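Undergrad: Take a look at this one; I'll ask things after.
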Amino acid sequence: MDFLIPAKTISLKCLRISIILGVFTVLYVCTLSSYRILDTTVINISDNPDGKTERVELPHSAPSAYSFQKVPAKHAKSYRYSIDVLGYFPQSISWKIHADDCITAIDVNDRSVSLDSYGKQALCANPKGFFIDLGNYVRSGHNRIDITINDVRGGNYSLDIKPVYIFLNKDIYRHFNLVFLISAWIFVVILRQLNFDGVLISIALFTYYVYLRDFQVTGIKTHHPDWWGHIPYLFYIKNHWLPPPSYAGWEFWHPPLYYIVAAIVGGIGQLMDYSFLRSALAVSMVSVLIFVTYGMLLIRRAVKNVWIQRVCVCAFLFWPLISAFVSTISNEVFSYAFWSGAIYHFMRWYLDKSKKHFAIAIVLCGIMAVVRTTALVPAGVGGVLFLSALITKRVHLKDYLTLRMILIATFVLLCFSFNFGRTYYYKTFYAPRMGMIISNIHKDPVLYRIHSTASFKKLFTIDFRNLFSGPYTNFWHDSSGRQLFWNTYIKTVLFGFFGWPNAHIAIKLVMLLSALMLYAVTAPLFMGRIDNTHWFLFTCTFVTIAAHMVNRVISATVICHDGRLTFPVTITFIAWIGYVIQTLMEQGHRKKPIQFGIGVLGLVLLTAFALTSLIFDLKYIGFFRFL
């Protein structure tokens with residue numbers, strides 16, 4: 001029975017996996033001793049003459065603070081906010097509260113909370129707010145917290161709540177997140193099947209924890225400026241099960257595959273009494289896991305040095321914007337899974353001369369074409385690589401003129417034809433001003449079109465003072481650098497088109513990424529002959545960025561600066577830097593101290609970027625409040 005795996009080997013593998021999951025489970029259970037506010041919260045107005053009850057969606061506009069503002073009814077003197085809080089375990093929770101004007105009462109589950117120790121100065125329009133620990137009043141499961149505000153100076157009765165997560169180890173927890181355990185186990189098993197070592201699996205599992213925490217503390221609308229276009233598309237599919245007219249909504253021009261899949265998953269969740277939108281986010285989570293897994297595979301193939309490989313994986317997995325994707329309703333995230341897979345299989349084909357991987361790559365490009373038009377980019381990368389391989393005689397055209405390849409090529413052409421054919425149909429008969437690549441370009445007044453007369457100047461100009469003056473950019477304000485391609489690209493590829501907390505850490509990431517980009521351009525000049533791996537990584541990165549810039553020239557709008565359009569380039573970018581570092585340090589061992597020093601410099605920059613990204617992610621999810 002030689003084909004059987006020895007029992008000792010199985011036991012050791014199971015033991016390693018169990019230890020990793022056990023440590024991680026303790027961490028996860030402890031951090032879940034915090035709480036979350038329910039997606040739909042009822043706000044009751046106590047003295048409103050018409051007795052209306054209003055609903056607001058939570059998390060609200062920001063992950064770190066929940067804000068409410070109500071216009072007072074005539075003659076009303078007080079409002080009562082009733083907030084439902086879901087507690088996972090017996091716990092201690094703390095809130096920092098700002099109110100306008102005076103908080104007169106706080107009740108938790110019909111028990112009055114003593115406010116005697118705070119004084120009027122803390123409770124009435126305190127600009128610094130005040131902290132209150134509700135741990136002695138809350139319980140496992142649902143809790144109702146009533147906050148009553150009196151009007152003293154006239155105003156809107158605003159209430160800002162900032163959660164403060166507190167670690168608690170005094171109870172033995174009786175509940176467990178079964179979904180997390182199952183998904184984590186599956187994730188670990190897949191990584192083991194892909195022959196990742198224990199260190200990389202531990203890093204990936206910890207990153208999965210960060211993604212889940214981000215999902216818990218972040219609202220669906222927080223990390224995507226076009227949520228008001230994607231969510232209606234999703235509900236249209238849910239209600240009609242047919243693609244909407246391309247011209248009828250802001251994001252309706254996109255192909256429908258993602259929205260169909262998300263509607264099915266959301267519907268299944270709804271049958272189990274879960275939120276439809278929150279259930280649909282499972283598609284985003286799985287897409288992110290596929291994306292990062294392919295990224296780890298590509299980095300492992302490109303970078304052989306174990307330590308440099310681990311630093312590269314950390315720099316990639318801790319990239320701030322990736323954690324934001326898990327709480328995003330958008331076809332972008334779904335497309336990244338196919339994009340990263342296509343690039344990885346193109347790499348396997350190019351380096352191993354395997355036609356099987358080439359076929360898989362172009363099929364993934366075809367499927368991505370019915371998810372998002374940016375499928376043109378990985379398909380273009382594959383075309384450039386194929387042409388390069390033909391010129392260098394790495395492959396021969398006759399080997400690819402087989403029936404199987406012709407059928408696969410036909411499938412891919414049909415996918416692209418569906419995408420552009422649908423757009424062309426509606427453009428021809430219903431909306432002549434629609435664009436073929438970005439179809440809502442005719443609605444561009446919302447985006448403030450960039451004047452084409454200055455396009456090339458804005459494409460190649462970098463304002464370093466503006467770049468380093470603030471880490472975030474904005475659609476609406478030139479002061480954020482939105483008019484300049486590289487200023488906007490560097491910021492949006494890290495954080496997107498929205499603000500985050502911890503700007504003092506974010507600006508360091510902008511500086512480090514700028515330094516890494518400069519390193520990626522200059523350090524290869526000190527290398528020797530370019531081999532196939534280096535050529536592949538350079539081609540993928542260069543062609544992707546070039547395609548982004550061409551799109552910017554064709555459609556000169558602020559949105560075309562957005563780094564999320566070509567975000568998967570971060571995989572080959574990190575792998576390229578890791579490969580350059582590895583090569584220079586290997587050359588340095590051959591009595592070339594300059595190359596070795598440049599390699600060490602790159603490793604220091606990459607390590608600093610990875611650690612700063614990790615700190616940024618952990619502060620965002622409130623991790624350090626446990627310490």
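Undergrad: Got a number for carbon plus sulfur as a percent of segment 487-617's accessible area, 1.4 Å probe?
TA: On the way: 3420 of 4640 Å².
The value for segment 487-617 is 74 percent carbon and sulfur by accessible area.
Undergrad: Something else now. Among Thr583, Ala608, Val510, whose Cα projects farthest towards the positive end of the dipole of segment 506-627, with charges put on the beta-carbon of Lys, Arg (+1) and Asp, Glu (-1)?
TA: About the Cα centre, the residue reaching furthest to the positive side is Ala608.
Undergrad: Another one. Averaged per residue, what accessible area in Å² does segment 216-352 show with a 1.4 Å probe, protein chains only?
TA: Details: 4100 Å² over 137 residues.
It amounts to 30 Å² per residue over segment 216-352.
Undergrad: If you count only protein heavy atoms with a 1.4 Å probe, what accessible area per residue comes out for segment 479-578, rounded to a whole Å²?
TA: 30 Å²
Undergrad: Kindly rank 291-298, 233-240, 351-358 from highest to lowest mean number of other beta carbons found within 10 Å of each residue. Intermediate results must be reported in sequence, preceding the final value.
TA: Details: 291-298: 24.0, 233-240: 17.8, 351-358: 15.1.
Output ranking for 291-298, 233-240, 351-358: 291-298, 233-240, 351-358.
Undergrad: Give the ranking of Arg422, Arg529 by solvent-accessible surface, highest area first, calculated with a 1.4 Å probe. Could you put the intermediate results ahead of the total?
TA: Values: Arg422 25, Arg529 210 Å².
Accessible-area ranking of Arg422, Arg529, largest first: Arg529, Arg422.
The values are calculated or read from the model by the stated rules, or taken from the named source; none is laboratory data. Source: prediction; values computed, not measured. Quick reminder, even Gly has a Cβ in these numbers, built from the backbone with ideal geometry, and neighbours come from all protein chains shown. We work out accessible area using only protein heavy atoms, side chains counted, and drop any ligands, DNA or RNA first. Shrake-Rupley method; radii C 1.70, N 1.55, O 1.52, S 1.80 Å.
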